[in-house]
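A quick write-up on the structure given underneath.
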Protein chains: 2
Amino acid sequence: MQGRVVIIGGDAAGMSAAAKIRRVQSQREILVCEKTAHTSYSACGIPYLIGGLIDQVDSLVARSPQEFREKYRIDVRTGHEVVEIDPLAQRLRIRLDGNDREIVEPYDQLLIATGARPFCPEVPGMDADGIFGLSTLASGVRVNDYLAKGTPRHAVVVGGGYIGLEMAEALIRRGLEVSLIQKSSEVMDTLDPDMGALVSEALRKVGVQLYLSETFESFEVADQRVKAVVTAKRKLPADVVILGMGVRPNTALAEAAGIELGVKQAIKVDGRMQTSTPNIWAAGDCVATIQRLTGQPVHIALGTIANKQGLVAGTNLSGGQAWFPGVVGTAVSKICKVEVARTGLQERELRDTGIDYAAATVETRTRAGYYPDAGSITVKLLGEKTTGRLLGAQIVGMEGAAKRIDVIATALTAGLTVADMIDLDLSYAPPFSPVWDPVQTAARQLVKAL
Amino acid sequence: MQGRVVIIGGDAAGMSAAAKIRRVQSQREILVCEKTAHTSYSACGIPYLIGGLIDQVDSLVARSPQEFREKYRIDVRTGHEVVEIDPLAQRLRIRLDGNDREIVEPYDQLLIATGARPFCPEVPGMDADGIFGLSTLASGVRVNDYLAKGTPRHAVVVGGGYIGLEMAEALIRRGLEVSLIQKSSEVMDTLDPDMGALVSEALRKVGVQLYLSETFESFEVADQRVKAVVTAKRKLPADVVILGMGVRPNTALAEAAGIELGVKQAIKVDGRMQTSTPNIWAAGDCVATIQRLTGQPVHIALGTIANKQGLVAGTNLSGGQAWFPGVVGTAVSKICKVEVARTGLQERELRDTGIDYAAATVETRTRAGYYPDAGSITVKLLGEKTTGRLLGAQIVGMEGAAKRIDVIATALTAGLTVADMIDLDLSYAPPFSPVWDPVQTAARQLVKAL
């Protein structure tokens, strides 16, 4: 595959693709249009910047635009916002940051890697100062600056997903009083409620005030600054508000160009990351992917997925053949000392899909019981009754707990049964595990329930 | 299956089987003959006892003989050493500890779970005071007492396998000057030498004096106490010596009874843990198992394997149907802060087996590079050239490194290819991993070399 490649978006998916193309095709013309000033940054690192675990904004940048230009000879242009795709003429209209100028650039192959943005409810006061969604590195810097220059006391986090929780911890670290509003009965509703309850408890322990089963309604604003968050039940004073109500794919540009969208308005792509429109590809947080366990499309915005999809797109764009096979839904987070992980399908999804399942939950230790710092770990496993097939897992526990989810993610991908899990030759030594790894203890329990 | 079950050996395999039988058959007569005073102890915990990380010997005992008698109604008799199996009469001759009395007990089904013992070279002075092998909890207690009552200064560890290394660390913690003699060019020869070199380096850093490519020859003894260890090149002063030269299965009893032995004189069993002799079963460190990747028999003495085999034997002995499918060769250890793990086949085995393979080694970080305490991790992956199949892995690194081996152990069991590894939906968040997990970074590298 030859000709000019243009990539819209210079973060995980976009730059992974660009770098892959350059490795294969040393002379290929590659243009990257990035709206912000940054490339290849870790959006996942923003809570740690705000929480003070990381000093420098720059440390979140894996490779700067300059590095891409000099070392990779990739024409990265920051402050370049693509405002229109013309798929027939194969041209882009691009608005330059800081002035009204627009330019037009042609492409032979186009990769859309426009990412996602935080969901912002349409309520009055939404545009007041002190209300923040987090997506780009720039958005993280804005929060950081806002906290530094004022003397905010009360923070309210709306939504108890990964970003909401990590931000709640970050704000506690910065000395704020933090309230968190969550619509469902426990935080982190990608877990089943029984496991989510363990995370809720961990949050309370570090001082986060939780308002569960409570719906966000509106903001109270004075002098164009947020003053309070109003729920169906109360009014919470707020000097700063973080929106953690999920993300939406940035697909207005693709939609306007007539590119087919799928689940949750994410761009529909095939396994090679090709869209419905010739010579247009898409990857990362703006596309839909496949949950391997159900074969159904899902929209999950995660850096790992974006990187892998970028690599697949880059391989195909440089003449190779690669497919992204989908995901099993793995995610992990850390709330102070408590580690949280999940993969596969949760009970709600299993009920919705009509799968006949059983669940087993065990509480055991991260290390041999007698070894110093053996912490508690709770593992919940789900399996299919008719086939014995493993369906999913959730883990909440102390140091060393969460990464065990990868064993289950691997087993799910390989289609192992719950009984197969018991036979796995997992590693054991007292500093690392009880003699039966917690994952296998859970499998032994679940086999009986199937 | 009914009738009286007798089990020889009351540690991992024996007591796992006993407990399983009791759970299934509440009235079954179960007799356990244990030579020592302890049951169900963690031999793997001995180095931590000696190193002072654990205070109490008792904390290494998962369940005491009394507990088994009272809670499980299992007739556990300590100080009972079986000295002869009569397979025709289905009777055991048993020597009682502390007196010359012998008794005879009949069995309907017999499980041999006699474990393994440290290899002791046949050299003069081997029986001197101050020379220890480690196997039973009693042997650990003897080392502990010996160190406590004297004022030993110089320790020599002979052999750089897991036990040797863990004991070297323990003795350093106790303030001794520790030398370690290893026959091969690097310690831990279950790793390839390039990875073993990283462990050698870690040992030197904590103050262990290494003598590599050096052969143990003999002991120097005075007043029936060890004074020095003699190698082919030098004489090392020694107040205490730990033998870490590997273990041998305890199978003299089985051999004398005409039970078929296999690799390394370990008892040959089928997948159900049945020996060649009717009504006699065997499990744990005294049996041979199958390396799943080659289908060849191997002898590996590890608590995880013993527990699983005990469970399989117990299931079959109580009327169920279970098979032990073999191992992939997973092992893990920690030397001060350095974590070491391996699974699958190493280069030497691949050469011996004639498998056409490629290797890739990457050095990366345990966490996102910018996250506090991101440590280094080196991952070596091996894959088959003709099929792309994953063959093995070795990991050396800081906190969080070693348990990643379980992903590879799972992938090996499932028969995944190296390319499949790249697609795995492994967990990512900055406290846990770079966006590409080190295992996947290694897989990306290896795919190019296949």
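Before moving on, here are some points about what is shown:
- Table column - 3J(HN,Hα) (Hz), region A:322-332, Karplus curve with 6.51, -1.76, 1.60, x for Gly and Pro: 8, 10, 9, x, x, 10, 10, x, 7, 8, 8
- For chain B, modelled as a GNM whose springs connect Cα atoms under 10 angstrom apart, the maximal fluctuation among B:ILE172, B:ILE103, B:ILE242 occurs at B:ILE103.
- Shortest-first distances to equivalent copies, position A:ASP145, nm, label 7 Å out along Cβ: 7.2
- With the simple spin-label model, which puts each label point 7 Å out from Cα in the Cβ direction, the A:LYS385 to A:SER276 separation comes to 3.9 nm.
- In region B:195-283, the portion of solvent-accessible area held by carbon and sulfur atoms comes to 46 percent [1.4 Å probe, whole percent, DNA, RNA and ligands not counted].
- At full extension, B:ASP100 and B:ARG142 could sit 12.8 nm farther apart than now, given 0.36 nm per residue minus the alpha carbon distance.
- Column: log10 I(q)/I(0), Debye, Cα scatterers of the protein assembly as shown, q = 0.06, 0.08, 0.09 Å⁻¹: -0.47, -0.80, -0.97
- Phi-derived couplings, Karplus 6.51 cos²θ - 1.76 cosθ + 1.60 at θ = phi - 60°, listed residue by residue for region B:350-364: 5, 5, 4, 7, x, 7, 7, 10, 10, 10, 9, 10, 10, 10, 9 Hz, with x used for Gly and Pro.
- For B:ILE85, solvent-accessible area (1.4 Å; no DNA, RNA or ligand), Å²: 10 Å²
- Percent of Cα pairs exceeding the 14 Å cut-off, where the set is region A:1-43: 44 percent
- Considering only B:THR361, B:THR387, B:THR315, the Gaussian network model of chain B with Cα springs below 10 Å gives its largest mean-square fluctuation to B:THR387.
- Sites B:ALA89 and B:GLN27 - FRET efficiency at Förster radius 25 Å, r taken between beta-carbons, to 0.05: 0.50
- Under 18 Å from the Cα of A:LYS385 - aspartates and glutamates, other chains or at least 8 residues apart: A:GLU347, A:GLU349, A:ASP352, A:ASP356, A:ASP420
- Of the trypsin sites (Lys or Arg not before Pro) in region B:61-105, the ones in a loop by DSSP (not H, G, I, E or B) with at most 13 other beta carbons within 10 Å are B:ARG73, B:ARG101.
- Region A:306-450 shape via C-alpha gyration tensor axes, a/c threshold 1.5: oblate
- For A:LEU111, distant residues with modelled amide H under 5 Å away: A:VAL6, A:ILE7, A:ILE8, A:TRP281
- Note on the protein assembly as shown: helix-only mean residue ellipticity at 222 nm, from DSSP H runs of 4+ residues weighted -39500 (n - 2.57) and normalised by residue number, equals -7500 deg cm²/dmol.
- Listing of region B:17-59 residues, each with accessible area lower by at least 20 Å² in the full protein assembly than in the chain alone (probe 1.4 Å): B:ARG23, B:SER42, B:CYS44, B:TYR48, B:LEU53, B:ILE54, B:SER59
- Chains B and A together bury roughly 5100 Å² of accessible surface, counting both sides and using a 1.4 Å probe on protein heavy atoms.
- 13 Å reach of a label modelled at A:LYS448, 7 Å along Cα-to-Cβ, counting backbone N of region A:354-389: A:360-363
- Per-residue 3J(HN,Hα) values for region B:390-398, derived from phi via the Karplus relation 6.51 cos²θ - 1.76 cosθ + 1.60 with θ = phi - 60°, read 5, 10, x, 7, 9, 9, 10, x, 8 Hz in sequence order (x marks Gly and Pro).
- Over chain A, the pair-distance histogram of Cα-Cα distances with 20 Å bins from zero comes to 24, 53, 23, 0 percent, rounded to whole numbers.
- Of all lysines in the structure, the ones whose alpha carbon falls short of 21 Å from that of B:LYS20, not counting any fewer than 8 places away in one chain, are A:LYS448, B:LYS71, B:LYS308.
- Equivalent ellipsoid semi-axes - Cα gyration tensor, region A:229-353, angstrom: 31, 20, 15
- Within a Gaussian network of chain A (alpha carbon springs, distance under 10 Å), most fluctuating of A:ALA168, A:ALA13, A:ALA401: A:ALA401
- Nearest-first distances (nm) between copies at B:SER26, label 7 Å from Cα via Cβ: 7.7
- Shown for A:THR353: label points 7 Å from Cα along the beta-carbon vector, and their distances to the equivalent points in the other copies, 3.3 nm in ascending order.
- In chain A, the beta-carbon sitting nearest the axis that superposes A on B belongs to the residue given here with its distance in angstrom, A:ALA414, 2.
- Cα gyration tensor, region B:113-209 - rounded (a/c under 1.5), prolate or oblate: oblate
- Restraint check, A:LYS35/A:LYS264; B:LYS227/B:LYS264; A:LYS403/B:LYS380, Cα-Cα greater than 21 Å: A:LYS35/A:LYS264; B:LYS227/B:LYS264
- Surface per residue (accessible, 1.4 Å probe) for the protein assembly as shown, Å²: 38 Å²
- 20 Å cut-off, amide nitrogen to a point 7 angstrom out along B:GLN321 Cα→Cβ, residues in region A:372-401: A:385-389
- Burial of accessible area (probe 1.4 Å, heavy atoms of protein chains only) in region A:417-435, relative to its chain alone, reaches at least 20 Å² for A:ASP423, A:LEU424, A:ASP425, A:LEU426, A:SER427, A:TYR428, A:ALA429, A:PRO430, A:PRO431, A:PHE432, A:VAL435.
- When the solvent-accessible area of region B:65-117 is split by element, carbon and sulfur atoms take up 41 percent of it, the probe being 1.4 Å.
- Over chain A, Cα pairs under 8 Å with separation of 6+ residues give a relative contact order of 14 percent.
- Solvent exposure ordering (accessible area, 1.4 Å, most first) of A:LYS149, B:LYS227: A:LYS149, B:LYS227
- With R₀ fixed at 41 Å, the C-beta to C-beta distance from B:ILE290 to B:VAL123 puts the FRET efficiency at about 0.75.
- Under-5 Å amide H pairs with B:VAL221, H placed in peptide plane, nonlocal only: B:LYS227
The values are calculated or read from the model by the stated rules, or taken from the named source; none is laboratory data. Computed from a predicted structure; not experimentally measured. Note that each Cβ is placed from the backbone with ideal geometry, even for glycine, and that neighbours are counted across all protein chains shown. These accessible areas exclude ligands, DNA and RNA; they are computed on the full protein's heavy atoms, side chains included. Shrake-Rupley method; radii C 1.70, N 1.55, O 1.52, S 1.80 Å.
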